[in-house]
Amino acid sequence: MLFRMTKSELYRASRMKCTYIIPIIMVAIVMLLCFMYMRLDSEQLGLGESVFGTYIEDEEEREEAMKDDLTNIVTTDEEEARSGSLIGEGIIYDWKVDNVFNIFTSAADILLLLSIFVGIFIGMLHSTGTDKNMLIASGNRNVLFGARAITIGLYSLMFELLILLSTIVGIAIFGKSVSFDDPVRLIKYMAVSWIMVFTFSMLIMLIGNLVRSQAAAITIGIILAYGVLNMILMLVDILIRKIFGVDDFALSEYTITGRIQSFRVFSSTGYITKSLIVCGVVLAIITAIQVNINRKRDLC
Amino acid sequence: MSEEYLLVTENLTKRYGKNVLAVDNVNLHIKKGAIYGLIGRNGAGKTTIMKMISGMAFPTSGEFKYVGLTGTKEDAFSRIGALIESPALYPKMTAYDNLKIKCLAYGIGDKEYIMDKLKLVGLENTGKKKAGKFSLGMKQRLGIALALVGEPDFLLLDEPINGLDPQGIVELREMIQKLNEEKGITILISSHILEELAKLATDYAIIDKGRIIEESTKEELQMKCRDKIAIKAKDTAAIVPILDANGYSDYQVIDNSTIYIFEKLDNVAALNMEIAKAGILVDSISVESSDLEEYFLKVTGTAPSKDL
């Protein structure tokens, strides 16, 4: 039953225009950024002097500087690593696929675009009432939920793969040569990144089901993706620190968007484990809420 | 519970909030192979009943059992085809795609099957036209085609005639009859066009303000709607020999106080005389006539006042 429902949901997704338009936009963004970061210098970009030092004209010197920077990143602690941006002078001087891919997957764009897809994919069911057709076919709302989760999971995986592919193509076109720093680490990074992005998508799906509106789901997705929530969390952090006297507490460390945005290709095993635990907890909460809705709420 | 039934509901109740009682202790008995007409005004609770028995809404209390279908309730839901309220369509997809999505959910990937369903409802030539651009009637037809995917045993049609032109209504009626007779599909149909319902249904339930006022077969309802002499008396049993003696054979004793006579309607005065001669007191004797619509208005207490 789950397989049949998933097939049906995949077919539905395949007949939606946004299924194709959104990845095209993502590829275009990746290509544009590749071009900007790899072909334009800081003056052309109007970025002025970098906080990480002046722009290095000579290619060899630049590569040397990149190595130093990377060594620094790998050897320092995580917080420092995060501040050691791979973008020097507004230009990527480490053209390795791992690092460029990292920049794109931790950006808000991927979350924003996935929010739009999930918002439309789920919201459409409520705005057209077609959920009732599917419910009768499946006879079980939880199976339907599972089928939609699988579809969204596959879509977000396809999204990650597409970003990787377009990053490689972008580097091949605008960069010097395509090379990988550590392919195994990249695969590991991609898998964890996908799990986090999938969890975020599931959150948008839950919101879409709760509010029964694609517009609301997309709007909330944008709010989450662009860190508006983080501002609220920062205020909560201040309160928690004051009330409980905890100095280094940050609620964003325990949110999906916070984890996605601070996740790096060189993040430690501890960081990855913590991220997976956060994803697991969030997914469990999402599933529990959705099952509860399925058990109690009537279809419109 | 009798094996001849497909669906039985027991005190099915649906309450929205504290004040709105949409369905109030409804007991339906839908026989296998029947075309069951649900008659009621807008807001009477017809759609809510259909939603509950198809799993779209949860009853507040009471229950329903698909006694005529095997497996769990969830299995039974997948044996249902439903067109409830407006047809649920993806407006930016073609009729074919709309059907294919549901077909895949049933494990049907056959293109011919989908084309057959489109042909059945006369939408085989819609091509790439999006469902959102369809006329109301076309949408309704597509909704029916969707309901027929998976060859259901039980078809729920909520106001299926809405938006259809006269020819479409005739075609739909013929299709429903065909599905019922040839494929043995049990059909629950609601409509506010009672005349149309009367041409189709084999059983009826009249619903008003969430309550079932009356559940009857077509024959029983026809009997009630026929022109007749209605005699109200304290002792109907005593009147029967008088009727027999005077050559009346087409009559029915409804209860202890009512008899309906369906012949010699212009002999009311003579009959009254014969009963009086026997010393039986008659409370009232009159000729009554009503069609299904009048009957419905009468039993729901919504008939227009004669004084007006």
Looking at (1) among the hydrophobic types (A, V, I, L, M, F, W, C); (2) over 22 Å from B:Ser216 (Cβ atoms); (3) without any contact (Cβ under 8 Å) to a residue 24 or more places away in the chain, which is the only condition B:Leu297 fails?
(2)
Within the group B:Leu164, B:Leu136, B:Leu142, which residue is under 27 Å from B:Leu7 (Cα atoms) and of a type in the set (A, V, I, L, M, F, W, C)?
B:Leu142
Does at least one position in the stretch B:179-192 carry a residue that is touching a residue at least 24 places away in the same chain (Cβ under 8 Å), buried (at least 22 other Cβ atoms within 10 Å of the Cβ), within 14 Å of chain A (Cβ to nearest Cβ) and among the small types (Gly, Ala, Ser)?
no
Considering the stretch A:107-150, residues that are within 12 Å of chain B (Cβ to nearest Cβ) and of a type in the set (S, T, N, Q), and then whichever is surrounded by the fewest Cβ atoms within 10 Å (Cβ to Cβ), we arrive at A:Asn142
Exactly one of (1) more than 30 Å from B:Ala276 (Cα to Cα); (2) surrounded by fewer than 20 Cβ atoms within 10 Å (Cβ to Cβ); (3) at pLDDT 85 or above is unmet by B:Asp244. Its number?
(1)
Filter the stretch B:49-94 for residues that are crowded, with 22+ Cβ neighbours inside 10 Å, within 9 Å of chain A (Cβ to nearest Cβ) and of a type in the set (Val, Ile, Thr) and give the result.
B:Ile80, B:Ile84
If you take just the helices (runs of 4 or more DSSP H) that sit entirely in the stretch A:204-300, which of them hold at least 1 residues that are at pLDDT 90 or above and not aromatic (Phe, Trp, Tyr)?
A:269-296
Here is a list of conditions, (1) within 12 Å of another protein chain (Cβ to nearest Cβ); (2) part of a helix (DSSP H, G or I); (3) farther than 29 Å from B:Gly37 by Cα, and B:Gly143 meets all of them except one; can you say which number that is?
(3)
Within the stretch B:8-48, tally of residues that are among the aromatic types (Phe, Trp, Tyr) and within 12 Å of another protein chain (Cβ to nearest Cβ):
1
Just checking, does the stretch B:100-112 include any residue being of a type in the set (Val, Ile, Thr), surrounded by 22 or more Cβ atoms within 10 Å (Cβ to Cβ) and touching a strand residue (DSSP E or B) at 6+ places or on another chain (Cβ under 6 Å)?
no
Filter the stretch B:115-128 down to residues that are surrounded by fewer than 14 Cβ atoms within 10 Å (Cβ to Cβ) and in a loop (DSSP other than H, G, I, E, B) and give me whichever is farthest from the other protein chains (Cβ to nearest Cβ).
B:Asn125
Could you check the stretch B:1-114 for helices (runs of 4 or more DSSP H) lying wholly inside it with 2 or more residues that are under 18 Å from the mean Cα position of the chain (by Cα)?
B:46-53
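The values are calculated or read from the model by the stated rules, or taken from the named source; none is laboratory data. This is a predicted model, so every value here is computed, not measured. FYI the Cβ positions are ideal-geometry reconstructions off the backbone, even for glycines, and counts take in every protein chain you see.
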